[in-house]
Structures are given as C-alpha cells and as structure tokens.
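The values are calculated or read from the model by the stated rules, or taken from the named source; none is laboratory data. Quantities reported herein were computed from a predicted structural model and do not represent experimental measurements. Neighbour counts run over all protein chains shown; Cβ positions are idealised from the backbone, glycine included. SASA here: full protein model, heavy atoms, side chains in, ligands and nucleic acids out. Shrake-Rupley method; radii C 1.70, N 1.55, O 1.52, S 1.80 Å.
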Amino acid sequence: MASADDSFDQYEEEETGETQTEASMSSGTGGRKRLFSKELRCMMYGFGDDQNPYTESVDLLEDLVLEFITQMTQRAMEVGRSGRVQVEDVLYLVRKDKRKYARVHDLLNMNEELKKARKAFDEVKYAGL
C-alpha cells in the first residue's frame with residue numbers, strides 16, 4: 001500500500017519531470033533556488049515566529065508565495081494584453097478584495113512619492129554643480 005509521501009513524490013515527479021534523487025542532486029533545496037528565504041524569515045519573525053524558523057516552514061511559505069505570484073501573473077496576462085502584465089491588470093484582479101486593493105493602491109502611491117523625491121534630490125544635486 002502506498003503512503004501519502006509516496007503519492008506526493010509521484011505528484012511532484014509529474015509536475016517537475018524529475019525524480020526525487022535528481023531534484024536533491026541539483027541543489028539542496030529540492031531543485032529550485034530559494035528566492036525569498038531571507039525576507040520570509042524576517043517576516044515570520046516579525047509576525048511572532050522564532051528568530052530562526054524551521055527551514056521546512058520557510059520553504060513551504062516560499063512555495064505558497066511563488067504559487068500565488070505565478071497564478072496572479074497568469075491571470076493578469078489573461079485579463080490584459082496578451083503577453084504583458086500591467087499595473088491596471090493587477091488592480092483589476094484585486095478590485096473585489098478591499099485589503100489587497102488598498103495595499104496595492106498604497107504601494108503605488110508610495111512608489112510615486114519616492115520617484116518625486118528622487119527627482120527633486122537629483123535636481124538639487126545637479127543644481128549645485
């Protein structure tokens with residue numbers, strides 16, 4: 001009788017096309033470079049986890065984050081111009097979720113303020129020359 005781990009390994013092989021030994025040989029993190037580990041560890045600590053959370057927990061959270069980003073990107077590509085993701089597409093996708101919409105809106109406003117501040121700083125810097 002197959003265990004749950006065996007069925008998960010089989011599912012993972014179908015998804016990646018690699019066996020578990022091939023994946024572990026390609027790198028120590030299951031064959032994929034971890035992009036957000038440091039940031040996720042800091043966020044987990046900030047939200048009350050241990051200062052050094054379990055690697056498995058960080059890896060699981062990173063898998064969830066990457067899955068979310070991938071799904072949102074794919075959906076944004078379907079909504080807007082094909083092959084391009086624009087800010088308006090992401091805003092359209094999160095329009096019904098008030099918290100996400102507010103956060104995206106705040107981040108876009110902050111980005112604009114930072115651009116203006118950089119431009120003003122550069123103008124002052126070059127005016128002094």
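Checked against the criterion of being open to solvent by 60 Å² or more (accessible area, probe 1.4 Å), modelled with pLDDT under 95 and not in a loop (DSSP other than H, G, I, E, B), the candidates M110, M77, M1 yield just one match: M77.
Yes/no matrix, rows are residues, columns are (1) at pLDDT 95 or above; (2) touching a Lys or Arg at 6+ places or on another chain (Cβ under 6 Å); (3) among the aliphatic types (A, V, I, L, M):
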| site | (1), (2), (3) |
| --- | --- |
| T29 | no, no, no |
| F36 | no, no, no |
| R41 | yes, no, no |
| M44 | yes, no, yes |
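Criterion first (of a type in the set (V, I, T) and surrounded by 14 or more Cβ atoms within 10 Å (Cβ to Cβ)) does V124 satisfy it? No.
Pairing each residue of region 29-42 that is open to solvent by less than 50 Å² (accessible area, probe 1.4 Å) with any residue that is at pLDDT below 90, provided the two are 6+ apart or on different chains, yields C-beta distances under 7 Å for G31/T16; G31/E18; G31/A23.
Checking each residue in region 95-129 for being within 23 Å of I69 (Cα to Cα) and of a type in the set (V, I, T) picks out only V104.
In region 89-105 there is no residue matching the filter, namely being open to solvent by 60 Å² or more (accessible area, probe 1.4 Å) and among the hydrophobic types (A, V, I, L, M, F, W, C).
Of the set (1) surrounded by fewer than 11 Cβ atoms within 10 Å (Cβ to Cβ); (2) in a helix (DSSP H, G or I); (3) modelled with pLDDT under 95, all apply to G83 but (2).
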